[in-house]
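**Q** I am attaching a structure below and will ask some questions about it afterwards.
What follows draws every value from the coordinates through simple rules; no lab data is involved. The model shown is predicted, which means the values in this text are computed figures rather than measured ones. Backbone-built Cβ (ideal geometry, glycine too); neighbour counts: all protein chains shown.
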Amino acid sequence: MKNSVKRSFLIGFALAVAIGSANAKDNVSYPNASTPGLSAAVTVYAGVYRPKGNGPFPAVMVLHGCGGHDYNHQAWAERLASWGYVAIVVDSFGSRGHGSLCKRTDLVTPADRITDIIGTAEYLAKQPYVDKDRIGLLGFSHGGWTIMKAVQESQYLSSYGVKAAVAFYPYCNPKTDTKIAIPLLVLMGADDTWTPADLCRQLLASDALKKAAPTEMVFYPGTYHSFDRPERIVEVEGWSVGGGLKKHRVGGNPASAEDAFKRTREFFDKRLKN
């Protein structure tokens, strides 16, 4: 990796965090879309970041990973706002009284978080600066897992204005995630073992996916989980596919991250701005 690429990535990330700290965001709350007997009613807390101008703008929901909401999601929200999107960072764990759930990912499920997505779409539909028919999803790890479930045809999210989704290093289930109904981009580290890249490859190769909405996957060689973050590569312990706790390599890969930023912007621009 060239030092100039690494330096550019870290400087760009630092600027995004600095801008996010300097600019005020709107802290908002609203109800999720609870279903009696299936999902509990929750007040969802979120942060809204807006582009300059009156809009209406397309919007992107940012769904955090198993570690909960942190500075990286704020940096992503600022990045999205600079691209011309209203970004809303949805704190699904904090709204339920949790912090990191990397060792107990079952305490908040994708089904729970889908109720947050619907509640967020309903909130955005009431804002005059949002184009309620042009909404995207952007999720990381646990948030990416949520997206894999949310884009299935049984969820009807397109009726809430959701038109595109980008999942960073999600958990793919090649047996159950085949009825994708919303255009989807998956960005994975080829060497990811926490949310195994091979499962996403199997899903992409399945015959059933040929009947689904357009689905694109990118696998970055020499890249691990959380590659869009600036931290160095370390080993962390967390829930693993198949059960139990295992250690996994996680950490940033500047070259892969820069390419993923570019692909994410192009994907959303094509489906939410044209």
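**Q** Can you put 207, 259 in order, fewest other beta carbons within 10 Å first?
**A** Numbers: 207 7, 259 15.
Going from least to most buried by this count: 207, 259.
**Q** What are the ³J(HN,Hα) couplings of segment 268-274, residue after residue, when phi is run through the Karplus curve with 6.51, -1.76, 1.60 and θ = phi - 60°? Round to Hz, x for glycine and proline.
**A** 5, 4, 5, 9, 10, 10, 8
**Q** Then there is this: Taking 0.36 nm per residue of separation and subtracting the Cα-Cα distance, what length does fully extending residue 231 through residue 54 add? Before the final figure, lay out the partial values.
**A** Values: separation 177, 0.36 × 177 = 63.72 nm, distance 3.59 nm.
Length gained, residue 231 through residue 54: 60.1 nm.
**Q** Between segment 51-74 and segment 199-274, how far is it from one alpha carbon centroid to the other, in angstrom?
**A** When both Cα centres are located, 18 Å separates them.
**Q** Roughly how large, in nm² to one decimal, is the mean projection of the convex hull of the alpha-carbon atoms in segment 25-97? Walk me through the numbers on the way to the answer.
**A** Values: hull surface 21.8 nm².
Over every viewing direction, the Cα hull of segment 25-97 projects on average to 5.4 nm².
**Q** Please give the contour-minus-distance gain from residue 241 to residue 213: 0.36 nm per residue of separation, less the Cα-Cα distance, rounded to one decimal in nm.
**A** On the way: separation 28, 0.36 × 28 = 10.08 nm, distance 2.59 nm.
Extending this stretch completely gives an extra 7.5 nm.
**Q** Among 187, 101, 245, which one shows the biggest mean-square fluctuation in a GNM of the chain, springs joining Cα atoms closer than 10 Å?
**A** 245
**Q** Let me ask something else. If the chain between residue 190 and residue 103 were fully stretched, how many nm would it gain, using 0.36 nm times the residue separation less the Cα-Cα distance? Working shown, then result.
**A** On the way: separation 87, 0.36 × 87 = 31.32 nm, distance 2.27 nm.
My answer for the length gained is 29.0 nm.
**Q** What is the dipole size for the chain, taken about its Cα centre, with +1 at each Lys and Arg Cβ and -1 at each Asp and Glu Cβ, in debye to the nearest 20? Before the final figure, lay out the partial values.
**A** Numbers: 32 positive and 25 negative charges, 77 e Å.
In total the dipole reaches around 380 debye.
**Q** Which ordering of 73, 142 is given by a fewest-first count of other beta-carbon atoms within 10 Å? Don't jump to the answer; show the numbers that get you there.
**A** Values: 73 24, 142 28.
Result, fewest neighbours first: 73, 142.
**Q** For segment 49-54, just list the computed ³J(HN,Hα) in residue order, Karplus coefficients 6.51, -1.76 and 1.60, θ = phi - 60°, integers in Hz, with x standing in for Gly and Pro.
**A** 10, 10, x, 6, x, 9
**Q** Further question: Near the amide H of residue 186, under 5 Å away, which other amide H atoms are found, from residues 5 or more places off or on another chain, if H is placed in the peptide plane?
**A** 167, 216, 217, 218
**Q** What is the set of long-range amide H partners of residue 152 at a cut-off below 5 Å, with H atoms built 1.01 Å from backbone N?
**A** Those lying under 5 Å, H to H, from residue 152 are 181.
**Q** Oh, and also: Using amide H atoms built 1.01 Å from N in the peptide plane, name the residues 5+ places from residue 130, or on other chains, whose amide H lies under 5 Å from its own.
**A** 57
**Q** Sticking with this one: Once you charge only the Cβ atoms, +1 for Lys and Arg and -1 for Asp and Glu, what is the size of the charge dipole of segment 127-180 about its Cα centre, to the nearest 20 debye? If you can, show how the numbers build up before the last one.
**A** Working: 6 positive and 4 negative charges, 14 e Å.
So the magnitude is around 60 debye.
**Q** Explain nothing, just compute: Karplus ³J(HN,Hα) = 6.51 cos²θ - 1.76 cosθ + 1.60, θ = phi - 60°, for every residue of segment 100-109 in order, whole Hz, x for Gly and Pro.
**A** Running phi through 6.51 cos²θ - 1.76 cosθ + 1.60 with θ = phi - 60° gives 5, 10, 5, 9, 9, 5, 7, 5, 10, 9 Hz.
**Q** When 1/r is averaged over all different Cα pairs and the result inverted, which Kirkwood radius in Å belongs to the chain?
**A** Values: mean 1/r = 0.0538 Å⁻¹.
Roughly 18.6 Å, rounded to one decimal.
**Q** One quarter of the convex hull surface, Cα atoms only: what value does that give for segment 79-127 in nm²?
**A** Values: hull surface 17.4 nm².
With every direction weighted equally, the projected area is 4.3 nm².
**Q** For residue 103, which lysines qualify as cross-link partners when the Cα separation must be under 17 Å and same-chain residues fewer than eight apart are set aside?
**A** Cα-Cα hits under 17 Å: 246, 247.
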